[in-house]
Amino acid sequence: MSILDRLVLFLPTLGFFVLGTVILVSAWMVGQVRRITHAAFFMVLAFTGVAGVFVLLGADFLAGSQVLVYVGAIAVMFLFAIMVSDLKELSGPAAGSGPGGSGSRAPEGDGEAAAARTAARAWVLLAGLVAVAFAGIVLAAVAKAGLPEVSVPAASGEPTTVLIGRELFTKFLVPFEVASVVLLAALVGAIVLAAREDKDRGLGEEADSGAGAAGRRNGGVTA
Amino acid sequence: MPADLGAFLQGVFDQVHLWASQSPFWSALFTLGWGIVKVVLVLGFIIVNVLVLVWLERKFSGRVQSRLGPMRVGRPHGWAQTIADMIKLLGKEDIVPRAADKALFVIAPVVIFTATMLVYVVVPMGPRAIVSDLNIGVLYLAAAASFTVISVLMAGWGSSSKWSLLGALRGAAMLVSYEVPMVLAVMGVVLLSGTLSTNAIVKSQSGLWYILVQPIGFLVFLAALFAELNRVPFDLAEAESELVSGFNIEYSGLRFAFFFLAEYANLLALSAIAVTLYFGGWQGPFLPPFVWFMLKTYGFIILVMWIRWTLPRVRVDQLLEFGWKVLLPAALVNLAVTGVYVLLT
């Protein structure tokens, strides 16, 4: 076996490290970039990278679902929420917590700004502690669990869709159905909350001016 | 002669493949080289067909509106009009608005074109003429469509223009809400054929086209397809008369060419997918499979254009109501009935 052959056999590993770097860097950037839309698009990149890792593992169905659900649905929902929000409101607290951002609020008084800065630093410290503690617990749990080493099942010849389908409809039927009921409940709950808020606002308007509400409703639908 | 040539090429291919499979390195190099050949073939296929499609659309809309369409460039019937337009487009100044979010603005055309190219991977143009017959073909198609939504939002937001942002939000809302009935409608076909692979779906239609057993599913799919293609009656993301051109309004020159190319490449790809899922794909008597595939696809494209140039645009609220209150229940009923049928037989 020549050195070139060894190189080729190393390619999947190399691919994993490249994808891993992309995922980690883009996940880091989600928290680092100043513009919140950029953060959302970096999240898309991280999700896509995870799908790439699934492809390397031979889990094609999982990769497809990952892209469909995370890129096609969740990330799009994030982007929607960002794009219909008031951007000044979104970027306000972020600018205050940064070391440069608090300077812009200096006219309020030096003492106040310094107090805000120490408070922000305390929060950062607390968040760091929580993160370290959580990471420690997770790592300890993983180390203790002694996960079995399983080879990639794609080699068995059956497509992954068949394997997943069989498992889902036999062994994991109840958990799967329970999960869908939970999601349905969340969906209904979200609709109820959104509808109630709308109704409250509509009633408030009606108290102010009876004619305004109907006109606003028409305007609101088409906007 | 063509059959001889095909057999000869097949023989050469098999020899090279056999020789390359001796060592991992040459095998990997062979895969890479063959992959590049496929990409070049598909790119050529897309560009030639897009040139034809743009011309066809202009001629067809001319017919519908009782005029001639392009006549001057190239005789007969202005066949060279799109080529001239393309050259003109490439010579245009490339403008990035000062207020634009430059990174997103530049990346968006690339993402939308890549998303469209992804679809061609699973389009079966003949028994063996498919880039890669993925096991998860249909799921892969839905996943590839996700990137279209992302790129529309990227372009709309990145342009920092109210028209493009409105267009992008409308477009994304439409794509997201019509993706659900579309996938559910296609599930009917998947249930009947018992596979997600596009080529296997074509093969399972040797007796009966799925449009005959899945008429409701097909209608839901067709309606969702128009939303996916951004075409009248669901062209709210572009809406020339109200949003000027929607999410891609700030683009010019080569970058606009990417959007334009992606739009027509998408029309071709989704029409090919519709033919694959409901009209027996490349199957047909007498003629070679590829000819059948092209005939059916162009027939379907004519149908899409016919609808585009005869119907008015719907309003946003009508669009969303139709999607969630008509298409989704219809798709669910269709899926349930198909499921019961498959269970019983």
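Once label points are set 7 Å from the Cα along Cα→Cβ at both residue A:194 and residue A:80, what is their separation, rounded to one decimal in nm?
So the two model labels end up 0.6 nm from each other.
If a paramagnetic tag sat 7 Å from the Cα of residue A:25 along the Cα-Cβ line, which residues of region B:110-147 would have the backbone N under 20 Å from that point?
B:110-111
Across region A:44-60, in residue order, what do the Karplus-derived ³J(HN,Hα) couplings come to in whole Hz, using 6.51 cos²θ - 1.76 cosθ + 1.60 with θ = phi - 60° and x for Gly and Pro?
Once rounded to whole Hz, the list reads 4, 4, 5, 4, 5, x, 4, 4, x, 4, 4, 4, 4, 7, x, 9, 5.
How much of the accessible area of the protein assembly as shown, probe 1.4 Å, is carbon plus sulfur, in whole percent?
Ligands and nucleic acids excluded, carbon and sulfur reach 72 percent.
Sticking with the crude label model, points 7 Å out along Cα→Cβ, report the distance from residue A:135 to residue A:73 in nm, one decimal please.
3.1 nm
Quote to one decimal, in nm, the extra length available between residue B:7 and residue B:325 on full extension: 0.36 nm per residue of separation minus the C-alpha distance between them.
Gain on stretching residue B:7 to residue B:325: 109.2 nm.
For a test of understanding, tell me how many lysine pairs in chain B have Cα atoms under 21 Å apart, given they are 8 or more places apart or on different chains.
Qualifying lysine pairs in chain B: 5.
For a Förster distance of 35 Å, can you work out the FRET efficiency between the beta-carbons of residue A:162 and residue A:9, rounded to the nearest 0.05?
0.80
Can you tell me how much longer the chain between residue B:318 and residue B:14 gets when fully stretched, taken as 0.36 nm per residue apart minus their C-alpha distance, in nm with one decimal?
Result: 103.9 nm gained on full extension.
Please give the FRET efficiency for residue A:18 paired with residue B:66, using the beta carbon to beta carbon distance and R0 = 45 Å, rounded to the nearest 0.05.
About 0.20, to the nearest 0.05.
Quick check on chain B: helices-only [θ] at 222 nm, where DSSP H runs of length 4 and up contribute -39,500 (n - 2.57) each and the sum goes over total residues. Nearest 500, please.
Result for chain B, helices only: -23500 deg cm²/dmol.
Applying the Karplus parametrisation 6.51 cos²θ - 1.76 cosθ + 1.60 with θ = phi - 60° to the phi angles of region A:134-143, what ³J(HN,Hα) value in whole Hz is obtained for each residue in order, glycine and proline being reported as x?
5, 4, x, 4, 4, 4, 4, 5, 5, 5
I'd like the Karplus ³J(HN,Hα) series for region B:62-74: coefficients 6.51, -1.76, 1.60, θ = phi - 60°, whole numbers in Hz, and an x wherever there's a Gly or Pro.
Per-residue couplings from phi come out as x, 4, 4, 9, 6, 9, 8, x, x, 10, 7, 8, x Hz.
First measure r as the distance between the Cβ atoms of residue A:171 and residue B:132, then evaluate 1/(1 + (r/R0)^6) with R0 = 45 Å and state the FRET efficiency to the nearest 0.05.
0.90
Looking at chain B, identify the longest residue range that excludes and avoids all trypsin sites (Lys or Arg not before Pro) in DSSP loops having at most 10 other Cβ atoms within 10 Å.
Result for the longest clean stretch: B:129-345.
If each of residue A:116 and residue A:179 carries a label point 7 Å out from its Cα toward its Cβ, how far apart are those two points in nm?
4.4 nm
Amide H neighbours of residue B:74 under 5 Å, at least 5 residues apart or on other chains, H built in the peptide plane: list them.
It is B:80, by chain and number.
Going 7 Å from the Cα of residue B:52 toward and past its Cβ, which residues in region B:77-113 have a backbone nitrogen under 19 Å from where you end up?
B:77-86
I need the chymotrypsin sites (Phe, Trp or Tyr not before Pro) found in region B:66-129, filtered to DSSP loop residues with at most 16 other beta carbons within 10 Å of theirs.
B:79
The values are calculated or read from the model by the stated rules, or taken from the named source; none is laboratory data. This is a predicted model, so every value here is computed, not measured. When we count neighbours, we look across all protein chains shown, and the Cβ atoms used for this are built from the backbone with ideal geometry, even at glycine. All accessible areas refer to the heavy atoms of the entire protein, side chains included, with ligands and DNA or RNA removed. Shrake-Rupley method; radii C 1.70, N 1.55, O 1.52, S 1.80 Å.
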